[in-house]
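The values are calculated or read from the model by the stated rules, or taken from the named source; none is laboratory data. Remember, it's a predicted structure, so these values are computed and weren't measured experimentally. Neighbour counts are summed over all protein chains in view; Cβ atoms, including those assigned to glycine, are modelled from backbone coordinates with ideal geometry. Side chains included, ligands, DNA and RNA excluded: accessible areas come from the protein's heavy atoms. Shrake-Rupley method; radii C 1.70, N 1.55, O 1.52, S 1.80 Å.
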Amino acid sequence: MLPGNYTVRLTVDGTAYEQPLEIVPDPRLDTPAEALQEQLDLLLKIRDRLSDTNKAVSRIRKIRSQVEDWEKRVKDTDAAEPVQSAGKEAREALTAIETELVDTTTKSPLMAPARLFEKLNALTEFVASADGAPPKQGYEVFDELSIRLDDLLETLDGVISSKVRAFNEAIDAAKLPPVG
């Protein structure tokens, strides 16, 4: 939080309590307010990209779970082969994207390669490590990770519009309700 005057608000059982609060700069530092604002701005951008990553992972897991449920439901029916075949393609494509976004292994985090989510988290720590404007490298890494995330989100949309759609068409051909 940047130095300045704020109001703290707490609501309990419908009753609101407010208290003024002043955050003062660290007296040991002479960091200009603009530098702190730059740091906050980049940290907020990183937070937003982490949220985008989390939303994509949640979306992937929700769709994959629905696909798996349908594969189980049609297991012993005439529709099993086309539904399971389309489901397998959709699941594999979704899993490939998920493994680029987050570590899905059960290994120790120290032994697994860092995925996009872990890299964004590390960037947060790097940018927040000192009270001052982020270095040029912080912006460069953020831009690189953001481009990679945008590419993965675009790929995810493509998988949903193609492979998940094909799966839904197999479900529809079997006269079952779609996924998504």
Exercise. Which residue out of Asp143, Asp172, Asp78 is open to solvent by 50 Å² or more (accessible area, probe 1.4 Å) and either under 30 Å from Gln37 (Cβ atoms) or in contact with a strand residue (DSSP E or B) (Cβ under 8 Å, 6 or more places away or on another chain) (or both)?
Worked result: Asp143
Seminar exercise, completed: Of the residues in region 87-115 that are modelled with pLDDT under 95 and among the aliphatic types (A, V, I, L, M), the one that is nearest to Arg49 (Cα to Cα) is Val102
Exercise. Is it the case that some residue within region 74-93 is more than 30 Å from Asn168 (Cβ to Cβ), among the β-branched types (Val, Ile, Thr) and in contact (Cβ under 8 Å) with a residue 40 or more places away in the chain?
Worked result: no
Seminar exercise, completed: With the first residue restricted to region 21-36 and required to be assigned to a loop (DSSP other than H, G, I, E, B), and the second required to be of a type in the set (D, E, K, R) and open to solvent by 70 Å² or more (accessible area, probe 1.4 Å), Cβ contacts under 7 Å at 6 or more apart or on different chains are Asp26/Asp131; Leu29/Asp131; Thr31/Asp131
Exercise. Is region 89-112 home to any residue that is within 30 Å of Asp26 (Cβ to Cβ) and hydrophobic (A, V, I, L, M, F, W, C)?
Worked result: no
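Would you mention how many residues in region 130-140 are in a helix (DSSP H, G or I) and open to solvent by 30 Å² or more (accessible area, probe 1.4 Å)?
Residues meeting the conditions: 4.
Output yes when any residue across region 57-64 is modelled with pLDDT under 95 and either closer than 21 Å to Asp151 by Cβ or charged (D, E, K, R) (or both), and no when none is. So that I can check it myself, show each step before the final result.
From region 57-64, those modelled with pLDDT under 95 are none; that's our starting set.
So far as region 57-64 goes, no, none of its residues is modelled with pLDDT under 95 and either closer than 21 Å to Asp151 by Cβ or charged (D, E, K, R) (or both).
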Seminar exercise, completed: The number of residues in region 146-162 that are among the polar types (S, T, N, Q) and either in contact (Cβ under 8 Å) with a residue 40 or more places away in the chain or open to solvent by less than 20 Å² (accessible area, probe 1.4 Å) (or both) is 2
Exercise. Are any of the residues in region 163-174 in a helix (DSSP H, G or I), within 22 Å of the chain's Cα centre (by Cα), more than 27 Å from Leu40 (Cβ to Cβ) and of a type outside the set (A, V, I, L, M, F, W, C)?
Worked result: yes
